[in-house]
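Read the structure below first, then the notes.
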């Protein structure tokens, strides 16, 4: 394979080394780093040495490498995804206690859904999501929810790119995608049956921040069977509303998100209070 480090900036080459690691490949040898980052072995060796000295990579006894704790320190200082994860976690837990499958929180990064939280059970249905992992937005419930509320340029970028088809049910064309996004905006939630794996169904709703802007998606992955999706969508909507309210409060905004802007009924508001009580009971 030809190496393509020429023309890339020093920063881009360092980032290529860090990008070689992912949730399924947390430990890599120098040879594997060079191949994944498409760098010449000598260049990879030099960059890995620099990153190790700065604590961004850590060398293991078996001479493999992993991402360094210093990266976690940087991530912990951002008020973005980390703060969102902490604020939304009690609501994710409330959903998880009821659904007892997979509960996930995702944000949009470019044309992919990046998952920043995931709660699961050992016997839960098959699922491809990992914390810190990404799935193309067109194929994931979180990505579709986020695209439905994204700017036109982001949607256009997804439509122009090749759409990986995981199963026969995966959205695979621009017109199909745009129809789905219109439906999500109208329904307030998404249901994807077998888009990643035919045995799995995903249901997702938006989570809003200050000003009502959609900043994340709260989703579950459950068995793809005849169980009605609407009760789970209602549960997610109530939990997302609670998380949205807490995010607004944490942002310092004095106003609350109006219930009608996120499709909440009086019963849903009462349900939020019930979920809060569940969460309080679980921590006593």
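The values are calculated or read from the model by the stated rules, or taken from the named source; none is laboratory data. It should be emphasised that the depicted structure is a prediction, and the values quoted were computed from it without experimental measurement. Using ideal geometry, Cβ is built from the backbone for each residue, glycine included, and neighbour counts are taken over all protein chains shown.
Some values worked out for this structure:
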read-out: Test: residue in the range 117-124 that is touching a residue at least 24 places away in the same chain (Cβ under 8 Å), surrounded by fewer than 15 Cβ atoms within 10 Å (Cβ to Cβ) and in contact with a strand residue (DSSP E or B) (Cβ under 6 Å, 6 or more places away or on another chain); value: no
read-out: Hey, residue 12 within 25 Å of the chain's Cα centre (by Cα) and either within 22 Å of residue 135 (Cα to Cα) or modelled with pLDDT of 95 or more (or both) or not; value: no
read-out: Test result for residue 51, modelled with pLDDT of 95 or more, assigned to a helix (DSSP H, G or I), in contact with a strand residue (DSSP E or B) (Cβ under 6 Å, 6 or more places away or on another chain) and over 30 Å from residue 159 (Cα atoms); value: yes
read-out: Top-ranked residue of the range 17-41 - restricted to ones that are without any contact (Cβ under 8 Å) to a residue 60 or more places away in the chain and part of a loop (DSSP other than H, G, I, E, B), ranked as surrounded by the most Cβ atoms within 10 Å (Cβ to Cβ); value: 39
read-out: Members of the range 125-140 found to be in a loop (DSSP other than H, G, I, E, B) and in contact with a strand residue (DSSP E or B) (Cβ under 9 Å, 6 or more places away or on another chain), listed by number; value: 125, 126, 127, 128, 129, 130, 131, 132, 133, 137, 139, 140
read-out: The range 136-149, residues that are closer than 12 Å to residue 113 by Cα and surrounded by fewer than 23 Cβ atoms within 10 Å (Cβ to Cβ); value: 136
read-out: Any chance residue 95 is over 25 Å from residue 173 (Cβ atoms), assigned to a loop (DSSP other than H, G, I, E, B) and assigned by TED's automatic domain parsing to the domain that holds residue 174; value: no
read-out: Selection status of residue 156, assigned by TED's automatic domain parsing to the domain that holds residue 89, assigned to a loop (DSSP other than H, G, I, E, B) and more than 19 Å from the chain's Cα centre (by Cα); value: no
read-out: Qualifying positions in the range 184-203 - in contact with a strand residue (DSSP E or B) (Cβ under 8 Å, 6 or more places away or on another chain) and surrounded by fewer than 17 Cβ atoms within 10 Å (Cβ to Cβ); value: 193, 194, 199
read-out: Selected residue [buried (at least 17 other Cβ atoms within 10 Å of the Cβ), in contact with a helix residue (DSSP H, G or I) (Cβ under 9 Å, 6 or more places away or on another chain) and farther than 29 Å from residue 250 by Cα] from 236, 181, 218; value: 181
read-out: Some residue of the range 141-153 being under 23 Å from residue 19 (Cα atoms), assigned by TED's automatic domain parsing to the domain that holds residue 232 and either at pLDDT 95 or above or assigned to a helix (DSSP H, G or I) (or both); value: yes
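Here's the yes/no breakdown for (1) in a helix (DSSP H, G or I); (2) over 21 Å from residue 109 (Cβ atoms); (3) out of contact with any strand residue (DSSP E or B) (no Cβ under 8 Å at 6 or more places or on another chain); (4) modelled with pLDDT under 95:
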residue: 205; (1), (2), (3), (4): no, no, no, no
residue: 221; (1), (2), (3), (4): no, no, no, no
residue: 246; (1), (2), (3), (4): yes, yes, yes, yes
residue: 260; (1), (2), (3), (4): yes, yes, yes, yes
residue: 264; (1), (2), (3), (4): no, yes, yes, yes
residue: 269; (1), (2), (3), (4): yes, yes, yes, yes
residue: 275; (1), (2), (3), (4): yes, yes, yes, yes
